[in-house]
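Peer 1: Shown below is the structure under consideration.
The values are calculated or read from the model by the stated rules, or taken from the named source; none is laboratory data. Just so you know, these numbers come straight off a predicted model, no measurement behind them. Note that each Cβ is placed from the backbone with ideal geometry, even for glycine, and that neighbours are counted across all protein chains shown. Surface areas here come from the heavy atoms of the whole protein model, side chains and all, with no ligands, DNA or RNA. Shrake-Rupley method; radii C 1.70, N 1.55, O 1.52, S 1.80 Å.
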Amino acid sequence: ADLFKDEFPADAPKVSPKPELPLVPGQGLLAEYYQNAEWTGKPIMKKILAEPNFNFQDAQRPLPAPFGIIFSGEIFIPATQDFTFFLDSDDGSDLAIDGNTLIENLGRHPEQMRSGSKKLKIGWHKIRIRYNDFGGGMILRLWWNNLSGFQQGIDAKYFRVGRANLPAKAGKIIPPES
């Protein structure tokens, strides 16, 4: 604590570092809202949402159409194996894991589902889901094949905002409880 005591005057203000925020399962994903369907410009709103899932009617929409949302953060993969992800949306959406597009379901369309598979290692992986809306209903749902091979919604405990979305340095990494 006295390492730099001779470098500053005795009346200099003392500064204590802020505690580091931990990366905790269940934090959700960062949702950035854009006033266009191309996700261009600066987001006009940012929120942390538990999961990238919604089903809204026209009157419930968060912004006037057209608009876009980018969800970003990390997803915990509980075992090293092939995982199949399913993405259902009205209108367009896509899913990228570790920077690689796995599902592309873009464009102006009624509700439709697409899937994609990839072998992933156990641990945390970057995830990005883009959604755009052109009017009418708003649907976005993401699910996967669980470890037993059955289709299942992805529990919020498998999502966290991720290092890139936390201010400054992030603290220790905590895996989700089984």
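Peer 1: Identify all residues within segment 104-146 that are without any contact (Cβ under 8 Å) to a residue 40 or more places away in the chain and open to solvent by less than 40 Å² (accessible area, probe 1.4 Å); write none if there are none.
Peer 2: Asn105, Gly107, His109, Gly116, Asn146
Peer 1: State whether the residues of segment 39-48 include one that is open to solvent by less than 40 Å² (accessible area, probe 1.4 Å), part of a strand (DSSP E or B) and of a type in the set (A, V, I, L, M, F, W, C).
Peer 2: Checked against the condition, which is being open to solvent by less than 40 Å² (accessible area, probe 1.4 Å), part of a strand (DSSP E or B) and of a type in the set (A, V, I, L, M, F, W, C), segment 39-48 yields no hits at all.
Peer 1: Which residue out of Ile69, Ile75 is under 22 Å from Asn145 (Cα atoms) and out of contact with any Ser or Thr (no Cβ under 8 Å at 6 or more places or on another chain)?
Peer 2: Result of the check over Ile69, Ile75: Ile75.
Peer 1: For Thr101, are the conditions met, namely being open to solvent by 70 Å² or more (accessible area, probe 1.4 Å), without any contact (Cβ under 8 Å) to a residue 12 or more places away in the chain and in contact with a Leu (Cβ under 8 Å, 6 or more places away or on another chain)?
Peer 2: Yes: the conditions hold for Thr101.
Peer 1: Next up: Could you name every one of the strands (runs of 3 or more DSSP E) located completely within segment 105-178 that has at least 3 residues being at pLDDT 90 or above and of a type in the set (D, E, K, R)?
Peer 2: 112-120, 123-133
Peer 1: For Gly149, which of the numbered conditions (1) in contact with a strand residue (DSSP E or B) (Cβ under 8 Å, 6 or more places away or on another chain); (2) over 23 Å from Lys47 (Cα atoms); (3) open to solvent by 30 Å² or more (accessible area, probe 1.4 Å) fails to hold?
Peer 2: Only one criterion is unmet by Gly149, namely (1).
Peer 1: Looking at Leu63, is it touching a helix residue (DSSP H, G or I) at 6+ places or on another chain (Cβ under 7 Å), of a type in the set (A, V, I, L, M), touching a residue at least 24 places away in the same chain (Cβ under 8 Å) and open to solvent by less than 40 Å² (accessible area, probe 1.4 Å)?
Peer 2: Answer is no for this residue.
Peer 1: Out of all the residues in segment 66-91, which are open to solvent by 20 Å² or more (accessible area, probe 1.4 Å) and farther than 25 Å from Ser117 by Cα?
Peer 2: Result: Pro66, single match.
Peer 1: Quick test of your reading of the structure: Gln27 fulfils all but one of (1) over 17 Å from Ile129 (Cα atoms); (2) part of a loop (DSSP other than H, G, I, E, B); (3) modelled with pLDDT under 90; (4) in contact with a strand residue (DSSP E or B) (Cβ under 8 Å, 6 or more places away or on another chain). Name the failing condition by number.
Peer 2: Every listed condition holds for Gln27 apart from (1).
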